[in-house]
Structures are given as structure tokens and as C-alpha cells.
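Engineer: The structure is given below, and queries will be raised subsequently.
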Amino acid sequence: MKLFESAISSFLSAFFAPFAAMKRHFSLNGNGKPDKNSIFGAWLPPCYAVLSGVIACVWMTASPGLAQSSRPLPIFPQAAKAGPNASERKRANGLYQLARRENRSLRWNGCLATQAFMRAKRMSSEGYFEHRDPRTGRNPVWKSVSICVNAESPGARASAAENLAKGAETPEVIHKALMASPTHRKNILDRRFNRMGVGCYDEICVELFAGF
């Protein structure tokens with residue numbers, strides 16, 4: 001800060017030196033006395049004052065900004081929860097790997113994984129766990145999958161399905177329970193599906209399947 005003030009002082013001194021010399025030269029009459037009727041004698045002092053005020057304002061405004069520029073920016077807590085944490089990513093990847101062992105047609109799809117995570121987070125935040133959204137009475141899986149289909153292949157017709165799981169168990173335990181359920185097992189083994197995304201949030205995991 002002191003270095004900045006010293007630099008500004010040096011700049012002001014050098015900047016106003018020519019004006020001061022012009023003032024001394026042009027504001028004197030032939031007798032060496034101040035001549036208020038000369039252009040510089042009449043107008044230079046007010047201009048000098050206005051310019052000084054402008055530079056002083058710029059100085060006062062810039063000084064705090066430079067002092068603040070070294071401060072670290074705040075980290076907003078919501079940014080940390082924008083996506084799954086390391087544990088949630090590990091569970092999601094584990095479920096995908098286990099499903100792919102059953103159905104080699106499945107390939108990981110990042111868009112479906114994002115939609116699955118958002119779905120799991122929404123259910124956890126709103127306190128429900130079912131395929132149908134209690135607000136609309138509809139299953140949002142079709143809307144979620146259509147977003148990804150249109151992003152990759154606009155206008156394509158697609159098949160879609162969804163598996164839901166809840167609990168703090170390992171991916172192996174969750175997958176075993178899904179395979180023991182006829183409807184969930186069918187979704188995993190269905191050869192129509194060639195894309196899969198898994199998202200876990202808290203204790204809820206969502207598997208989204210799509211074929212197109």
C-alpha cells in the first residue's frame with residue numbers, strides 16, 4: 001500500500017510540473033505581475049483544481065480495491081454439493097460395473113448418470129422414495145432419458161427404465177437385492193438397453209437405462 005501511495009505521489013508531481021511552469025509564465029504581464037486577463041491566468045487555476053479533484057477521487061477509489069485484491073475469495077458451500085462426493089461416485093461406479101457383468105451391452109453414459117444423481121438428490125431432499133413423483137403422479141424417468149437422447153441423437157426413439165435402491169449397503173449387496181427382484185433384474189438384463197447411468201445421493205441410488 002505504501003509503495004502504491006509513493007508511486008501516485010511521484011506521478012502527480014511529474015504530471016503537474018509542466019502546468020505549474022505554464023502558470024508561472026503565462027499568468028504574468030509585462031511588469032512581472034499576475035495578469036488575470038490572460039487565458040492561462042484566468043482559466044488554468046480552476047482547471048488545475050478540477051483535475052486535482054478527479055485524480056484524488058480515482059486514487060481514493062483505487063486504493064481500497066488494490067488492498068482487497070489480495071484477499072481470498074469466499075468458498076460457497078453449495079458449490080461443494082453440486083455433484084456427488086467421492087463415496088457416492090464410488091458406489092455409483094460399483095453398481096454400473098456389476099450391472100455390466102450381467103449385460104455386456106451396457107455402456108456408461110455421463111448424461112444419464114447426471115440425471116440419475118439429480119433424481120436421487122431430489123427424492124432425498126423432498127422425502128420420498130418411489131418411481132412416481134408425488135407432485136405429478138408421473139414417473140420422471142421418461143423426461144430424464146429424453147434429455148440425454150436429444151443431446152446425443154435428436155429425434156431418436158428410445159426405450160427407458162429405472163431401478164431404485166435405498167440403503168447404506170455396499171454396491172455388491174444392493175446389486176444382489178436388485179437381481180433378486182424380477183422387475184429390477186429384467187431391466188438390468190434387457191438387451192434393448194445399451195446405455196446406463198447411475199447416481200447415488202445419501203442412501204438413495206438410481207439406475208437409469210436407455211436404448212437407442
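Engineer: Once you've got the Cα coordinates, tell me which of 90/166; 121/186; 90/186; 90/143 are over 21 Å apart.
Structural biologist: Details: 90/166 16 Å; 121/186 25 Å; 90/186 24 Å; 90/143 26 Å.
Checking Cα-Cα distances, 121/186; 90/186; 90/143 exceed 21 Å.
Engineer: OK, next. Return the long-range amide H neighbours of residue 139 (sequence gap of 5 or more, or a different chain), with a cut-off of under 5 Å between placed amide H atoms.
Structural biologist: Amide H neighbours of residue 139, under 5 Å, 5+ apart: 133.
Values in this text are rule-based calculations from the coordinates and carry no lab data. Source: prediction; values computed, not measured.
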